[in-house]
Amino acid sequence: MSSSSTIPLVRAAVLEPFVEAARQVGVPVEKMLRSAGLPAEPVDDTEQLLPELPCWCFIQLVTRKEGIPDFGLLAGNTITHQDLSALAPLIAGCTNLYDLLKRFCMLAPLFSNNNLYVLEEEEQFVWFTQQGARLVADDIQVQLFEVLGMIQLVQMAAGKNWRPAEIHFSFEPQAELAYARDLNPSRIRFSRRHPSIAIPRQLLPLPIARFNAAQDATANAENLAPIPGTFSEGLRDAIVPYLGTGQLNKNHIAESIGLSPRTLHRRLAREHTCYSAVVEQARVMKAAAMLRERDANMLDISLTLDYQNASSFTRAFRRWAGVSPREYRYLHRAGKAFPVAPE
């Protein structure tokens, strides 16, 4: 875990290329998502936060069971960084490659609070490096995806045939990568401290092409809600995708974030709260989103959020938001809605 006070979270957009790649090769995606500890149905909202650890477990599971040694590269080519709509806002205001890479380093933590991309300048090269914490020991596929994404960003200026002079991985040598089209003819060095690529300094002033998905010049990644910085807030957001899935219990949630139930209880107690209170907050947050975005009736929403009936849901929502669900929906449609921010 990146910090004792935070929970590693990742936006569903980051998992999307892996899920789509798995579908294309005939993997039983829903079954493997559940086996990895994720909701069986992929999250439709790519901005939704997921606990990061089971996402990487899903990738490992597909790699092992399907025998796909370059699954990370396959995912990166199924939905490239140029086509990943969640990254489209990066293009706004960037005039050259250097601007793009700096902006990527700045905004990457909005997509995972373990992301720590940096540019390290040398005389001839700038090293583009992912220095974030590694959550699992065998994260070869994650590193392949990260490195291919870095290469794809540079290719926006240098062309699709560009390859770095040198690539670093932190894992042990892998014979399969010697023939990987996406990495050759780069010099590949293993057992390094961080995954990274070498970019010639003379490329940095090159103008960049538009993202294929970035048609809206007003897109702004800063509009993404920041990933929570406290343990209880992170747990609340990690719980939201599990609502209505039948997988919402303390033991399962604790395992999904790499903790024992006892440690989970201690961490929450330090912030003067408890698991049931955090679950209630997660329910109200999801309810508010459903009320804003859908026409579902109160009974459907209450059942989706695991309430016994609509009355129980209404009481809980009023307790946190100060208005009934119907009043909240009316205020939102009238342009007067306020954000629900449980204490």
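The values are calculated or read from the model by the stated rules, or taken from the named source; none is laboratory data. Being a predicted model, the structure only gives us computed values, none of them experimental. Quick reminder, even Gly has a Cβ in these numbers, built from the backbone with ideal geometry, and neighbours come from all protein chains shown. All accessible areas refer to the heavy atoms of the entire protein, side chains included, with ligands and DNA or RNA removed. Shrake-Rupley method; radii C 1.70, N 1.55, O 1.52, S 1.80 Å.
Points worth noting:
- Seen from every direction in turn and averaged, the convex hull around the alpha carbons of segment 155-309 projects onto 15.0 nm².
- Using the Cβ-Cβ distance between Asp295 and Ser191 with R0 set to 51 Å, the FRET efficiency from 1/(1 + (r/R0)^6) comes to roughly 0.40.
- Gain upon complete extension [Leu224, Gln124; 0.36 nm per residue less C-alpha separation]: 32.4 nm
- For the chain: Kirkwood Rh in Å [reciprocal of mean 1/r, alpha carbons]: 21.5 Å
- Per-peptide packing, taken as the mean over residues of other Cβ atoms within 10 Å, places 77-83, 21-27 in the sequence 77-83, 21-27 from highest down.
- Taking the longest Cα principal axis of the chain as reference, the axis of helix 97-107 is set at about 30 degrees.
- Per atom type, the chain shows carbon and sulfur on 49% of its accessible surface, probed at 1.4 Å.
- Straight Cα distances below 15 angstrom link Lys65 to the aspartates and glutamates Glu30, Asp138, with same-chain residues fewer than 8 positions distant left out.
- FRET efficiency estimate (nearest 0.05) - Cβ-Cβ, Val136 to Ala277, R0 41 angstrom: 0.85
- Each Lys and Arg Cβ is given +1 and each Asp and Glu Cβ -1; about its Cα centre, the chain then shows a dipole of about 740 debye.
- Square roots of five times the Cα gyration tensor eigenvalues for segment 224-343, Å: 26, 16, 12
- Relative protection proxy for 325-333, 168-176, from highest mean packing down: 325-333, 168-176 (other beta-carbon atoms within 10 angstrom).
- Mean projected area in nm² (Cα convex hull; one quarter of hull surface) for segment 259-299: 3.9 nm²
- Taking the helices alone, the chain has a mean residue ellipticity at 222 nm of -13000 deg cm²/dmol, built from -39,500 (n - 2.57) per DSSP H run of at least 4 residues and averaged over all its residues.
- Of the Cα atoms belonging to segment 13-101, the radius of gyration and Dmax stand at 14.4, 44 Å.
- Acute angle (nearest 10 degrees) that the helix 275-293 long axis makes with the longest principal axis of the chain, alpha-carbon atoms: 80 degrees
- With Cα atoms, 0 to 90° folded angle of helix 310-321 axis to the chain main axis: 70 degrees
- Ranked by the mean number of other Cβ atoms within 10 Å of their residues, highest first, the peptides 185-196, 275-286 come out as 275-286, 185-196.
- Between Ala209 and Asn309, the FRET efficiency estimated from the beta carbon spacing at R0 = 56 angstrom works out to 0.55.
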